[in-house]
Structure formats: C-alpha cells, structure tokens
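The values are calculated or read from the model by the stated rules, or taken from the named source; none is laboratory data. Remember, it's a predicted structure, so these values are computed and weren't measured experimentally. Neighbour counts are summed over all protein chains in view; Cβ atoms, including those assigned to glycine, are modelled from backbone coordinates with ideal geometry.
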Amino acid sequence: MDIAQLKDVFQKHYGAPDAVYSSPGRINLIGEHTDYNGGFVLPGAIDKGITLAIKANGTDKIRVFSVDYNESSEFGMSEADKPAQPWAKYIFGVVREIEKRGGKIKGFDAAFYGDVPLGAGLSSSAALESAFVFALDDIYGLGIDKFELAKIGQATEHNYVGVKCGIMDQFASIFGKKGNLIRLDCRSLEHQYVPFNPAGYKLVLIDSCVKHELVNNPYNRRRESCEAAAAAIRKRHPEVEFLRDASFAMLEEVKSEICEEDYIRAEFVIGEVQRLLDACDALVKDDYVTVGQKMYETHAGLSKLYEVSCEELDFLNDCAKKYSVTGSRIMGGGFGGCTINLVEESKYASFISGAIADYKAKFSIEPKVYDVVISDGARKIE
Ligand code: GLA
C-alpha cells in the first residue's frame, strides 16, 4: 500500500480526503520499563508507521476503514456509542481524551494502513494513537501542544485499552527526529536529541515472531510491583517519588517489608536507570563497546529479574553473543517481540544468516529482520 492507493481506498468509501498524515513506531536503545518509574529512556522513531487519510464529515459520527483488517467501523463521540471493533477503540479513545480536555471536534471519515509489524514491540498502537491525535489536532485547529498530544495517546492506553503504559512510545512517535535518538526524562519530560550515526555499526531488529500482548497481562502487574517498592522506600525516604529516585541501599532497607517479586522488579529498575545514564556517557565518546555491554546487561535483567523475556528471545540474545554482536537485548514491553542488536558492519551478514538458520532449526519459524532507520515523528504528508 502507498499513499496514492490509500487515497483511492478513501475515495471508494467516503469521497476525496482533505489531508494525509503519518506517525511512526519506535525503537528504544536502552532504558526499558523505566518510563513509568520516572526514569530516562532513549527511543527513536522508525521508518515504519501508520498513515491515514481523513476528512471532516460534518456529522457526529466517525467512520473509519482499516485497510489492514479490511474492515469498517462506525461509532459516535460519546461513551455510550463505542465501536465494536477492537482496533477502533484506539481511535475512539483518542477522540474521547481530546474531548475530556475541552477540544471541540466533530465527526470525520478516515482510512488508514500500517507497516509497523503488530505485536513486535515496535509500538504499533502508539503509532495509531499518535497519527489520529496529530491529524485531529491539525484539521480542527485545536492547538494542543505536542506534550499533550503524546499524553492523549498514553491516556487512551490507560483508559480505553487497559495498559498502564508510560509515556515513551507516544512521545517518540510524536517527537521523533530523523537520525536522532531522544534522551527523555520521563518525570519532567525534558528531552534532548542525541544524533545517532554509529560509524561502522548497524542497528537491526530480529523479530522472534512471538506475539507480544500487553493487554490483560503482567505488564500492569510489573508497574504495581514498582509502585509498591517505591511506596515502601518512601516511608523512610520521603524524597523518593519514583523508583528512579531510589538507590540499591534504600531498596535493601525495605527488603523484609516487600515481597520477593516486588524486590527483584525494583532491583532491575534501579539498575536500568543507571545503565541508561552509563550508556549515554559512552555514546558521547563513541564508545559502542560499552553501549553494547550495557545492552547485554539490560537483557539479563529483563530476563532474570523483570521476567519479561521468553525462551525464544533468550535464544536470540545467545545467538547475538555467538556471532560476536556488540550489544543485544529484548526491546519494548517484553513477553515476545524483537531483540535490538548493535552489530559491527563486518559481522552483520554472518550474524543475520546465522541467527535465522539457528532460530529456524530450533523453533521451526523463520524470524523476521528489520534494519532500523531512525526517522521523523508525526507529520502531515499532504
Ligand atoms: C511498552 C510501554 C512503554 C514502556 C515499555 C517498556 O512499550 O508502552 O510505556 O513501559 O513497554 O520500556
């Protein structure tokens, strides 16, 4: 599908569109499960996203066609008039969250397609939310600031999808910049663009093809563990708002007051906050060996302490070691999806062919490979 074809699809259903918008998925170099702990993350938007054609229709109804599901949905703007299709709740949520903030919008027609692989940990849902919130803000001239656009997508996840996610995915989708990662402080939302063109290296994702599914799953439970650990620490150290503010010594003090599970989750997060800062220092010095080492440490923590990996992703991580990849780790929420790999160009070909063959021999599925191209965030295309 391309933009001309999308416009044709729109034309068939609703007449000529007024405008076309696009918003990307994301990668994250390091800093996982730190966003809802007030910590730092280091994401970048990618060259895969959701593209939509849209036009106000002058009614109170929203009509949307999903090219990928080959399905239409029609719904209203009120809580009582929800869509039936699961994919449409992301759009409904965005509409409701805009309205809750006083944004005045009316009905519209839209058609969209995506090329972010679903369930691969590349934030296809954030891309969808961001594409719609960006488009609606623009066509209705709402003037919502970019931070709030990201927060509307996040609130959609919380209130209409049931995933108590942090801000990273929506922030990256809205604020992405070609060739740059974003070092984001998830408490203050202060952010810096970090140019990322590691000479002699490539970033590549290997998709385990194990579907990552965050709804009704242990993602929210991870967050609760972190909040429980932070609350216990806060009783002794009132300055600790989030785990981001805590040290290993503080965690040790409350060891007997929290359950083992909450303890090991917090142990991961406190380590991860520091690993990201160390990786950022190393990046400034073009020290990719250290960055890679931190990525491997993150994987070990996500697997052993945070317990969001799986056999397939641990296998891909071991493959990376076997083929001398500089850094590798599970990326995103976990429970499936991709590993992100920082690999020397000279080792790239042998790693890819070796990992594909080994994974296929072990699990009888061919993993997918995506080269990462760091790209721009949400935008109007025409
Ligand atoms: C998912 C969530 C993000 C973040 C990551 C883990 O992608 O949507 O907010 O918590 O998991 O880093």
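A few comments on the model shown:
- Residue within segment 251-261 that is surrounded by 14 or more Cβ atoms within 10 Å (Cβ to Cβ), not in a helix (DSSP H, G or I) and not acidic (Asp, Glu) present: yes
- The one condition in (1) more than 30 Å from ALA320 (Cα to Cα); (2) assigned by TED's automatic domain parsing to the domain that holds PRO117; (3) not aromatic (Phe, Trp, Tyr) that GLY179 fails to fulfil: (1)
- Test: residue in segment 343-350 that is in contact with a helix residue (DSSP H, G or I) (Cβ under 6 Å, 6 or more places away or on another chain) and either modelled with pLDDT of 95 or more or more than 22 Å from ILE264 (Cα to Cα) (or both): yes
- Among the residues examined, PRO83 does not qualify as assigned to a loop (DSSP other than H, G, I, E, B) and within 16 Å of the ligand (Cβ to nearest atom).
- Flag for VAL291 being in a loop (DSSP other than H, G, I, E, B), among the aliphatic types (A, V, I, L, M) and within 21 Å of ASP35 (Cα to Cα): no
- Filter result for the condition that a residue is over 18 Å from the mean Cα position of the chain (by Cα) and modelled with pLDDT under 95, over ASN197, ASN217: ASN197
- Checked against (1) touching a strand residue (DSSP E or B) at 6+ places or on another chain (Cβ under 6 Å); (2) in contact (Cβ under 8 Å) with a residue 60 or more places away in the chain, TYR193 passes all but a single condition, namely (2).
- Residues in segment 255-282 that are out of contact with any Lys or Arg (no Cβ under 9 Å at 6 or more places or on another chain) and of a type in the set (A, V, I, L, M): ILE258, ALA266, LEU277.
- Segment 7-37, subset in contact with a Pro (Cβ under 9 Å, 6 or more places away or on another chain) and away from the ligand (no atom under 16 Å from the Cβ), residue nearest to VAL194 (Cα to Cα): LYS7
- Subset of segment 43-54 that is farther than 12 Å from ILE182 by Cβ and either buried (at least 24 other Cβ atoms within 10 Å of the Cβ) or free of Cβ contacts under 8 Å to residues at least 60 places away in the same chain (or both) - its residue that is farthest from the ligand (Cβ to nearest atom): ALA53
- Single residue of segment 344-382 satisfying the filter (among the acidic types (Asp, Glu) and surrounded by fewer than 13 Cβ atoms within 10 Å (Cβ to Cβ)) that is farthest from the ligand (Cβ to nearest atom): GLU382
- Among the residues of segment 325-359, those that are β-branched (Val, Ile, Thr) and not in a helix (DSSP H, G or I) comprise VAL325, THR326, ILE330, THR339, ILE340, VAL343.
- Complete set of residues in segment 13-70 that are outside any strand (DSSP E or B) and within 30 Å of MET295 (Cα to Cα): LEU29, ILE30, GLY31, GLU32, HIS33, THR34, ASP35, TYR36, ASN37, GLY38, GLY39, LEU42
- Inter-residue pairs, beta-carbon under 7 Å, first touching a residue at least 24 places away in the same chain (Cβ under 8 Å) and within 11 Å of ASP35 (Cα to Cα) and in segment 164-179, second among the β-branched types (Val, Ile, Thr) and within 9 Å of the ligand (Cβ to nearest atom), 6+ apart: MET168/VAL41
- Taken together, the residues in segment 315-343 that are charged (D, E, K, R), under 20 Å from the mean Cα position of the chain (by Cα) and more than 16 Å from the ligand (Cβ to nearest atom) amount to 0.
- Meets criteria (within 16 Å of the ligand (Cβ to nearest atom) and buried (at least 22 other Cβ atoms within 10 Å of the Cβ)) for PHE40: yes
- One residue stands out among those in segment 164-188 that are part of a loop (DSSP other than H, G, I, E, B) and either closer than 24 Å to GLU224 by Cβ or among the polar types (S, T, N, Q) (or both): the one that is farthest from the ligand (Cβ to nearest atom), which is SER188.
- Residue within segment 189-211 that is in contact with a helix residue (DSSP H, G or I) (Cβ under 8 Å, 6 or more places away or on another chain) and within 13 Å of the ligand (Cβ to nearest atom) present: no
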